[in-house]
Each structure stands twice: as structure tokens, then as C-alpha cells.
Amino acid sequence: MKIFVVGTGRVAKCVIDKLTAKGHTVMCGSRHPENVAERSNCKPVLFDLHAERNEIAETIKDFDAVYFLAGSRGKDLLQTDAFGAVKLMQACEMVGIKRFIILSSIFALEPEKWAQEKSLQNITNYNIAKFFADNYLVSCTDLDYTIVQPSVLKEEDGTGMIELDPEHDGSNPIPDVAEVLVSVLERENTFKKVIKMRSGDTPISSALENI
């Protein structure tokens, strides 16, 4: 498949590695493509989430699927994490791209839990941005979306084991989150689904098969 990935952070880099290893052709959109290493099956391209949606649509029009893995780390929540994501969704619908996968945050669609979970208590503005984007995707588009909502990201080796729909937050190694994001791409049982996850004791493939 031809896949457009928005984002160049820790998760995005791991996802791109896994996608290209599976033989997909990837274009990575970044405001600073000169800082993204070009490699086999992956080409960086200038891409700005502050742009108008028509310009975004023109950039992505020839792709089969889009990943939104960008994040401003709290510096540009409205324009990037919230409205940037929405404009990308709108652009996909404009050019007929159906498959849309977005990286979110656990319980982003459940504001009542933000004060209950310790890891969420100090990131309310981030949760609001994610709520806005996730809710728009579910309620206002006809995209074949998958929303992946991991717990706290950890820079450690993956275990390949997760728990879905946990009652409380936890943590996830970045390689495990990337593996889920890549594994859902062609799994139709994950279309129009929200995947809440933390580390657990179920192999990723088995967990996804049972969604």
C-alpha cells in the first residue's frame, strides 16, 4: 500500500520502520523534511498542519491510507493536535481516502476519567485536544478509522503483550504501540473502533483478532 504518515516522533519513526519492513511505500510529512532521513521505501515531504485543507488534500491525494501520529508536546495543541487532525480527516474525505489511523491517548473520549487516573490529571488540555479530534472522527466522518489509545508511552523494549479495554491506565513500550498501529492497517475488524490499551499478558495478534 501507499501510506502517508504525519509525524516524525518516537512512535512515528517506529511505525515507519515496521511499515517499510512489510513492503509498504511510505511518505512522511513534516514541517522540516530536511531533518528526516530518506531511506528505502520512505520519502520525507514538506507538510504543515497549519495549511488549508485543500493544500493538505493535494499532498495526500494519491495514497491508500493515512496515519496521524503527530503531536506538539503541548506547544501547539489547537492547531496541531486538534484542528490539524480534523483538517487531515476532511482532506482524506475530499480525495476519497477511506483508511485513517490515529494515535490518541487512553480515555480521551471519557472526560469523567481524566481526574481519576493519575497519569491524566496534569494533561487536561492535551486530553481536550484529543477528545476534539477523536470525537470528530467518530461522529462527523465516514472514514474507516481506527483510534489507538495507549497508556503512558515508555522508551523500552516491547513485550508484544497487551491488555485491551483496561479499567485503569498503565504504560506501553513504544514498540508495542507501533506494532498495534501497523497491525490494524488491514484488519477490517478494527475499522470504526477505538482501541484502549496498556501492557498486559495477551499477544498483540490474539488481542486484535478478538476485537
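Taken together, the values in this text are just the output of simple stated rules run on the coordinates, not laboratory data. Predicted model, so just to flag it, every value in this text is computed and none were measured. Cβ: placed from backbone, ideal geometry, glycine included. Neighbour counts: every protein chain shown.
Details
- Relative contact order %, the chain, counting alpha carbon pairs below 8 Å whose residues are six or more apart: 19 percent
- Those lysines that a straight Cα-Cα span of less than 25 Å connects to residue 87, excepting residues fewer than 8 apart in one chain: 2, 13, 43, 61, 75, 98, 130, 192, 193, 196
- Scanning the chain for long hydrophobic helices, with DSSP H runs required to stretch 15 angstrom or more by C-alpha along their axis and to average at least 1.0 on the Kyte-Doolittle scale, returns 83-95.
- From its DSSP helices (H runs of at least four residues, each -39,500 (n - 2.57)), the chain gives a residue-normalised ellipticity at 222 nm of -9500 deg cm²/dmol.
- Counting only DSSP beta bridges whose two residues both lie in the range 8-107, roughly 10 percent are antiparallel.
- Cα-Cα separations in the chain greater than 29 Å, expressed as whole percent: 17 percent
- Packing-based ranking of 136-144, 55-63, 11-19 yields 11-19, 55-63, 136-144, ordered from highest to lowest mean Cβ neighbour count within 10 Å.
- The range 80-190: C-alpha gyration tensor shape, a/c 1.5 cut-off, then a/b vs b/c: oblate
- Highest average packing first - 199-205, 124-130, 47-53, Cβ atoms within 10 Å: 124-130, 47-53, 199-205
- Which of 26, 51, 14, positive extreme of dipole for the range 1-58 (C-beta unit charges): 14
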